[in-house]
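The values are calculated or read from the model by the stated rules, or taken from the named source; none is laboratory data. Source: prediction; values computed, not measured. No Cβ is skipped: glycine too gets one built from the backbone with ideal geometry, and neighbour counts run over all protein chains shown. In case anyone asks, the SASA skips ligands and DNA or RNA and just uses the protein heavy atoms, side chains included. Shrake-Rupley method; radii C 1.70, N 1.55, O 1.52, S 1.80 Å.
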Amino acid sequence: MTSAIVLAAWGLPASMLLSVFAIRHATHRRMLDLPGKRRSHDQPTPRGGGIAPVLVVLAGGAWLMMQDPQTTYSLALCLCGFAAVAGIGWMDDHRPLSPAIRLVVHLGAAVMAYIALCGTPETGLQVALAA
């Protein structure tokens, strides 16, 4: 419980501060989503602000792995997938990528999470088949 309190107390202000820098970066580079039929905003909105909470979650995950070495493998695998999806999103915010590239990265991240949650690929397959 103490770990969760420490992470929450540390993570929220860190995420807010990093968001300010991410939004400044996006505004400076003119990375803006313009209003349109398929957009939920009515004024130009900076892209890429989501990188701030991603960095905080990755830092928090690294800290948690140091606190409980037994969870290192599973947590590291989940965080790698999380970082890959966030990274491909960040790259896509800077310059559009093909949907195929994004799909491959998302599928790879899903496989990493599946292995982390279900064990080895063989064990995960057995769990999936038994369900």
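Residue-wise test of (1) modelled with pLDDT of 85 or more; (2) in contact with a Leu (Cβ under 6 Å, 6 or more places away or on another chain); (3) exposed (fewer than 14 other Cβ atoms within 10 Å of the Cβ).
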{"residue": "Gln70", "(1), (2), (3)": "no, no, yes"}
{"residue": "Gly89", "(1), (2), (3)": "yes, no, no"}
{"residue": "Arg95", "(1), (2), (3)": "yes, no, yes"}
{"residue": "Ile101", "(1), (2), (3)": "yes, no, yes"}
{"residue": "Ala110", "(1), (2), (3)": "yes, no, yes"}
{"residue": "Thr123", "(1), (2), (3)": "no, no, yes"}
{"residue": "Val127", "(1), (2), (3)": "no, no, yes"}
{"residue": "Ala131", "(1), (2), (3)": "no, no, yes"}
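Scanning the stretch 26-54 for residues that are surrounded by 18 or more Cβ atoms within 10 Å (Cβ to Cβ) and part of a helix (DSSP H, G or I) returns Ala26, Ile51, Ala52, Pro53, Val54.
Consider Ala22 carefully, then state whether it is in contact (Cβ under 8 Å) with a residue 40 or more places away in the chain and hydrophobic (A, V, I, L, M, F, W, C).
Spelling it out, it is not the case that Ala22 is in contact (Cβ under 8 Å) with a residue 40 or more places away in the chain and hydrophobic (A, V, I, L, M, F, W, C).
Checked against (1) open to solvent by 50 Å² or more (accessible area, probe 1.4 Å); (2) out of contact with any Asp or Glu (no Cβ under 8 Å at 6 or more places or on another chain), Ala22 passes all but condition (1). Taking the listed residues Ala9, Ala76, Ala84, Ala62, the one that is at pLDDT below 85, small (Gly, Ala, Ser) and surrounded by fewer than 17 Cβ atoms within 10 Å (Cβ to Cβ) is Ala9, with no other qualifying.
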